[in-house]
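**Q** Dumping the structure here so I can ask a few things about it.
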């Protein structure tokens, strides 16, 4: 097992017993002290205390207030230490300058968890950040876990706990969605929407500044929580790289998978700037987040409204077992719109079995469309809808149903809604509905939502949600390709790197870079550095048609300065080319140190691709793959993954670029050796993971030869940077 | 003025007096007969009659019913002819087989307009189509205009008319949106949504099968209607090509422009199939509709929900005068989400003037973000919101405002809503709002909507709507480039085409195709057809480096069969190549008639592009442009326009492909001669428009040389088809 395999198999159980205990200290206390509880109307201290009291908390709540004798009729204490009971959780709402003092007191009293609602920490600048670091240190010293600071609080709806330690305006309904938000303000809006749509939550968490407990810890906890069926997240930044992927992949796609849907805001540069000014957080590159979510199996929603659309489907419906959708409608237009989106999100319209078609033919009028989308026609009553719904649910070629109703004058809206829940449940297939309109359909929608049938304002949203469910199904049922064995000569590569560092060199040109790549097992072209015209000639004699490139640490763009000649075939050409390049470079770059000419055998035919590494603080190395030249520069047609990757991810990197057909035999060309290309990506991943000094690396181009004929590294450059090591 | 200019300037006034009179016969009658009016509860005949009666129609309504003496208390007549009054509009609800008879009776009585609600015509197959054709003929015979058949009816909300000739369940509120729908069922859902959102309509039209009056006639009418400020359309098919563009461009972008937003369903192949089975209509290619909408200045919405989002913005707000948006929020997260979408739809975040920043600094707390997006912080009351809102509205660098509120515990939701309408109106700038949530914010949302401030569930939708408004502003204020003069030799081109037709040939290879292109003034390479090795040699002597291509009417893919040689430079090479090609072709395609070898001078350096024509029934010729090879085949990176086009459209065709940088000097290359390329597109447009026998034409490739050096047609093929002529 190599080092990368170690990393790839590092997860010590998804939940992590330690981690669970730490999060439980916040969510499952038996005694809670509210430090800063207040009588004053409109104060956060009152709102939090009242929510705890009204929420029916199963343990004991102690208000702490320096001046008050009681808060809301409950005996108050002047300080934490004055309470004559063990305290599990302290909720802190005192002004920021007093928080540290309270935290220390809590630590001394043996409190296990702190929930700091108070704002005024890292989000307000350097002084705040220092205070937050100190708060963290105090918590570490006393082994207290911490949620916040600068948050709205947390809610645990578990029946035997009922902890509403937050200042939300409206408590949630109980349900099976776990919600994690990096925006406190969004929480209030989410609860308001959810109330209207009868959506319930298991846990509801405002993470605030994430000084200690963050999304990763919470995802582990929610995955282990039997009451949480799906997780919704609003994220502004994340602070883990591969570790996040490693754990979350197991949560979303391992045994007992929990789907996660997330909105990550700050996608654009302007949005990212707003994130920074808002939370003081590091807004990482979009490519990294896309890769992180993709590799973790998190379904990324584009907007908050899509987040809801997907979450309610996951929360209430079984997953479709394949992508064949039936649409039932009493109006052509909405059926067509749903069809369009169904196809666009990667689903197909089910082809009904003859049995189904027979049933539909017998029960629907002749003007109805008995093919998919089934149009039961505007004057359809309950019976016609029911016959069609039963028939398509029973059909083995149907994996899920989108049920559309428009309120025609003859439509019995409510009665039609009533047939859905029982039939849907019996079938074991997902059913999503859209009863179009607002007022006439209101009662029916309320009925559907109360009976856990997802309802969408417009049928296209139902189609989109079905697409999300199918994608999750594909994720949890994906095949794992056999891993590709690699046998890098690590010591040799380390030696080259360490020598460069010792010599103070951070830019490694082709000759040195190739040594590292060769050590890792990349397919190299025969090459050598020559320092005389005669040596050049003899190199060409041995290697055949060659490329000559100037070797100089100062010259990065060799062609631009006239430092490259291709197709040198004879010894005479070699001598002439040697003298020529040296002459041109001496003239064009008189200050450059010339190490000689790098003579490299010409690569055979193939498609030119680029492989790259770019290392980020926090996230680690990001791998890039794409076709060379215009494909990268103009079409930005590249794929990214956070290293390390396995065989599956390498294949997906290759397949997911738009230009993939060019590697796969498009336009009558021979298919290229994508097996060897996948191996190169695995090697790249290992190289990046095992050598943290490599800040940037480009193999540009790697030539991918026809199938079975391998690849050739035709040029590379490496940038070392000790600062960028994690 | 050439023929294309004639077509391009053909519009005899947008409204068309004739057209207006015909549509008015339906929408502005003084007497209406309802043939098939009924007492029976649940019948369409009753619903229509009751709607007319309850709607407060300003004229006289006559129920026609064979058996009943009265309908809903109004004296009924056994037939149209039995009514002792002139009838302007007859609404027909009798069963399909009786419709023709009633229509004839109406014609004889001098009725001016028919509204046929009855279904069972072209949408049910061949027999229905025949009946619909006959109905059309009857209307023509008696000069009656016709809406329908197979529709929900029409509504004219004008105060002095109040015509609700439909069986909608819920009549609309009066307002300034004109709505046209090809789906009757969708109408009921749209009215239901609209009622909830306080959205009013000027005219509400279900067009049904469009046997006579269709979208184009209605758009002209609505444009002339002083009460209609914006038009919403749901379209499944259109049945006009350039005529549609020519008229609608004036409606959306001429004097007194009326914005049009449309959803066109049936985008995917499966969706299009559903359209056909649903309405029996021709679902044209997506590319045509995109081109039609684009050239007409119609804003295409992706979903019904977006259609509403855009329409309410257009209906109530002034257009932004540029793209600089200010966002005000009391919560960071939603502000970031709005920022992301704002940037994605092509807007920018306004940079505030120093004055604004000063005001914000003085009035907001230190923790607030005084830059854009302005975050007034969760505990903001009305005063803080008001100060920020006033300041940004006043700022000359701000063109529009997105106002976001989340219901925090200290937020005075309703009072905050109350400050918006007056300040927004005074500013003359568009203001879109998002008060997030459902229940707590309900009253405030109702207040905003009642006061004509658009409200969106989620801030990203507000940003999207602002983007649509800005795009419309750009359209109405666009510059018109000076036209490019062309002087085609039309008779010469006609002669080549007519000779081919006379000879029964429909496929024109390169030699013949080049004659036509040359006659139109395309930049041709010197070339000639030779029939001996010696003639080939002499051609090369004169023209220099040449390409040899087999000339045979049976051989389309010349290279595949070995029929092409490039870079023939000497007379010897020419002789050898001639014999070689003839030999290879005789072997590979023994049945082909060999006309000789087409010798063509090699083109100079340049970028290879493709120009194409594809003629569609109904829509006419569709022009295509893109870069050659993989760009078309793998990336589908092409632009389309319906011919004829002017200079503006030609430029947009060129600029709008993703690979445009490759023509514009990307990666250090010389910029190409896009002026000449634009001229070629204008020539192509003229050729397509003036020669309807050309069904397909490819110029592949056209070589675009560096700036100032023109283009060269390097290959072409033309397919004639008399059937595809309009």
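The values are calculated or read from the model by the stated rules, or taken from the named source; none is laboratory data. On a predicted model such as this, the values are computed, not experimentally measured, just so you know. Every residue, glycine among them, receives a Cβ derived from its backbone with ideal geometry; neighbour counts consider all protein chains shown.
**Q** Take the residues in region B:58-77 that are part of a loop (DSSP other than H, G, I, E, B) and over 13 Å from residue B:46 (Cβ atoms); name whichever of them is farthest from the chain's Cα centre (by Cα).
**A** B:69
**Q** Out of all the residues in region B:245-257, is one or more in contact with a helix residue (DSSP H, G or I) (Cβ under 7 Å, 6 or more places away or on another chain), buried (at least 20 other Cβ atoms within 10 Å of the Cβ) and within 14 Å of another protein chain (Cβ to nearest Cβ)?
**A** The answer is no; no qualifying residue exists.
**Q** Same structure, new question: Anything in region B:325-339 that is at pLDDT below 90 and farther than 13 Å from residue B:376 by Cα? List them, or say none.
**A** Matches in region B:325-339: B:336, B:337.
**Q** Here's another thing I want to ask about it. Restricting to region B:170-188, count the residues that are within 9 Å of chain A (Cβ to nearest Cβ) and surrounded by fewer than 20 Cβ atoms within 10 Å (Cβ to Cβ).
**A** Qualifying residue count for the region: 1.
**Q** Looking at A:532, A:586, A:552, can you tell me which residue is over 38 Å from the mean Cα position of the chain (by Cα) and within 26 Å of residue A:721 (Cα to Cα)?
**A** One residue alone meets the criteria, A:552.
**Q** Name the single residue that is farthest from the other protein chains (Cβ to nearest Cβ) among those in region B:274-304 being in contact with a strand residue (DSSP E or B) (Cβ under 9 Å, 6 or more places away or on another chain) and at pLDDT below 70.
**A** B:284
**Q** Looking at B:357, B:339 in this structure, which one is in a helix (DSSP H, G or I) and surrounded by 22 or more Cβ atoms within 10 Å (Cβ to Cβ)?
**A** B:339
Each row is one residue, and each column tells you yes or no for (1) in contact with a strand residue (DSSP E or B) (Cβ under 7 Å, 6 or more places away or on another chain); (2) crowded, with 24+ Cβ neighbours inside 10 Å; (3) within 14 Å of chain B (Cβ to nearest Cβ).
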{"site": "A:117", "(1), (2), (3)": "yes, yes, yes"}
{"site": "A:138", "(1), (2), (3)": "no, no, no"}
{"site": "A:143", "(1), (2), (3)": "no, no, no"}
{"site": "A:152", "(1), (2), (3)": "yes, yes, yes"}
{"site": "A:162", "(1), (2), (3)": "no, no, no"}
{"site": "A:190", "(1), (2), (3)": "yes, yes, yes"}
{"site": "A:196", "(1), (2), (3)": "no, no, yes"}
{"site": "A:199", "(1), (2), (3)": "yes, yes, yes"}
{"site": "A:203", "(1), (2), (3)": "yes, yes, no"}
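**Q** Determine which single condition residue B:237 fails, assuming it passes every other condition in (1) touching a strand residue (DSSP E or B) at 6+ places or on another chain (Cβ under 9 Å); (2) away from chain A (no Cβ under 14 Å); (3) part of a loop (DSSP other than H, G, I, E, B); (4) under 30 Å from residue B:131 (Cα atoms).
**A** Tallying (1) touching a strand residue (DSSP E or B) at 6+ places or on another chain (Cβ under 9 Å); (2) away from chain A (no Cβ under 14 Å); (3) part of a loop (DSSP other than H, G, I, E, B); (4) under 30 Å from residue B:131 (Cα atoms), residue B:237 fails exactly one: (2).
**Q** Applying the selection to region B:625-640, what residues are more than 8 Å from chain A (Cβ to nearest Cβ), more than 19 Å from residue B:292 (Cα to Cα) and not in a loop (DSSP other than H, G, I, E, B)?
**A** Of everything in region B:625-640, those that are more than 8 Å from chain A (Cβ to nearest Cβ), more than 19 Å from residue B:292 (Cα to Cα) and not in a loop (DSSP other than H, G, I, E, B) turn out to be B:627, B:631, B:632.
**Q** Could I ask something else about it? For region A:415-437, what are the residues that are within 13 Å of chain B (Cβ to nearest Cβ) and either over 35 Å from the mean Cα position of the chain (by Cα) or touching a residue at least 40 places away in the same chain (Cβ under 8 Å) (or both)?
**A** A:434, A:436
**Q** Filter region B:657-695 down to the residues that are within 14 Å of chain A (Cβ to nearest Cβ) and in a loop (DSSP other than H, G, I, E, B), then identify the one that is farthest from residue B:723 (Cα to Cα).
**A** B:669
**Q** I've got another one for you. Within region A:438-457, can you find the residues that are assigned to a helix (DSSP H, G or I), within 13 Å of chain B (Cβ to nearest Cβ) and touching a strand residue (DSSP E or B) at 6+ places or on another chain (Cβ under 6 Å)?
**A** A:444, A:445, A:449 - these are the residues of region A:438-457 that are assigned to a helix (DSSP H, G or I), within 13 Å of chain B (Cβ to nearest Cβ) and touching a strand residue (DSSP E or B) at 6+ places or on another chain (Cβ under 6 Å).
**Q** A follow-up question, please. Exactly one condition in (1) touching a helix residue (DSSP H, G or I) at 6+ places or on another chain (Cβ under 8 Å); (2) modelled with pLDDT of 95 or more is false for residue B:38; which is it?
**A** All conditions pass for residue B:38, except number (2).
**Q** Which of the residues that make up region B:458-479 are within 13 Å of chain A (Cβ to nearest Cβ) and touching a strand residue (DSSP E or B) at 6+ places or on another chain (Cβ under 7 Å)?
**A** Those that are within 13 Å of chain A (Cβ to nearest Cβ) and touching a strand residue (DSSP E or B) at 6+ places or on another chain (Cβ under 7 Å): B:458, B:459, B:462, B:463.
**Q** Additional query: Could you tell me whether region A:308-331 includes any residue that is at the interface with chain B (Cβ under 9 Å from one of its Cβ atoms) and either part of a helix (DSSP H, G or I) or surrounded by fewer than 20 Cβ atoms within 10 Å (Cβ to Cβ) (or both)?
**A** No, that holds for no residue.
**Q** Being away from every other protein chain (no Cβ under 12 Å), surrounded by fewer than 20 Cβ atoms within 10 Å (Cβ to Cβ), part of a loop (DSSP other than H, G, I, E, B) and touching a helix residue (DSSP H, G or I) at 6+ places or on another chain (Cβ under 9 Å) narrows it down to one residue among B:397, B:371; which is it?
**A** One residue alone meets the criteria, B:397.
**Q** Also, I was wondering about something else. Would you check which residues across region B:700-715 are modelled with pLDDT under 95 and within 30 Å of the chain's Cα centre (by Cα) and list them?
**A** B:700, B:701 - these are the residues of region B:700-715 that are modelled with pLDDT under 95 and within 30 Å of the chain's Cα centre (by Cα).
**Q** Related question: Only one of these conditions is not met by residue A:551: (1) within 14 Å of another protein chain (Cβ to nearest Cβ); (2) crowded, with 20+ Cβ neighbours inside 10 Å; (3) modelled with pLDDT under 95. Which number is it?
**A** Of everything listed in (1) within 14 Å of another protein chain (Cβ to nearest Cβ); (2) crowded, with 20+ Cβ neighbours inside 10 Å; (3) modelled with pLDDT under 95, residue A:551 misses just condition (1).
**Q** Could we say that residue A:471 is surrounded by 18 or more Cβ atoms within 10 Å (Cβ to Cβ) and in contact (Cβ under 8 Å) with a residue 24 or more places away in the chain here?
**A** When the stated conditions are applied, residue A:471 passes them.
**Q** If you scan region B:389-414, which residues turn out to be farther than 16 Å from residue B:374 by Cα and in contact (Cβ under 8 Å) with a residue 60 or more places away in the chain?
**A** B:408, B:411
**Q** Checking the conditions here, which among A:594, A:613 is more than 14 Å from chain B (Cβ to nearest Cβ), under 28 Å from residue B:667 (Cα atoms), in a loop (DSSP other than H, G, I, E, B) and in contact (Cβ under 8 Å) with a residue 40 or more places away in the chain?
**A** So the residue among A:594, A:613 that is more than 14 Å from chain B (Cβ to nearest Cβ), under 28 Å from residue B:667 (Cα atoms), in a loop (DSSP other than H, G, I, E, B) and in contact (Cβ under 8 Å) with a residue 40 or more places away in the chain is A:594.
**Q** Within region A:400-436, track down each residue that is closer than 19 Å to residue A:353 by Cβ and surrounded by fewer than 24 Cβ atoms within 10 Å (Cβ to Cβ).
**A** Within region A:400-436, A:423, A:426, A:427, A:428, A:429 qualify.
**Q** Condition test on residue B:391, is it in contact with a helix residue (DSSP H, G or I) (Cβ under 9 Å, 6 or more places away or on another chain) and away from every other protein chain (no Cβ under 14 Å)?
**A** yes
**Q** Oh, and also: If you check residue A:491 against the conditions, is it over 15 Å from residue A:329 (Cβ atoms) and part of a loop (DSSP other than H, G, I, E, B)?
**A** No: the conditions fail for residue A:491.
**Q** Tally the residues that are modelled with pLDDT of 95 or more, over 12 Å from residue B:394 (Cα atoms) and assigned to a loop (DSSP other than H, G, I, E, B), restricting the search to region B:423-437.
**A** Residues in region B:423-437 being modelled with pLDDT of 95 or more, over 12 Å from residue B:394 (Cα atoms) and assigned to a loop (DSSP other than H, G, I, E, B): 1 in total.
**Q** Just wondering, is there one or more residues in region A:132-142 that are at pLDDT 95 or above, part of a loop (DSSP other than H, G, I, E, B) and over 19 Å from residue A:236 (Cβ atoms)?
**A** yes
**Q** In region A:485-495, is there at least one residue being over 30 Å from residue A:544 (Cβ atoms) and modelled with pLDDT under 95?
**A** Within region A:485-495 (the criterion being over 30 Å from residue A:544 (Cβ atoms) and modelled with pLDDT under 95), the answer is yes, since at least one residue qualifies.
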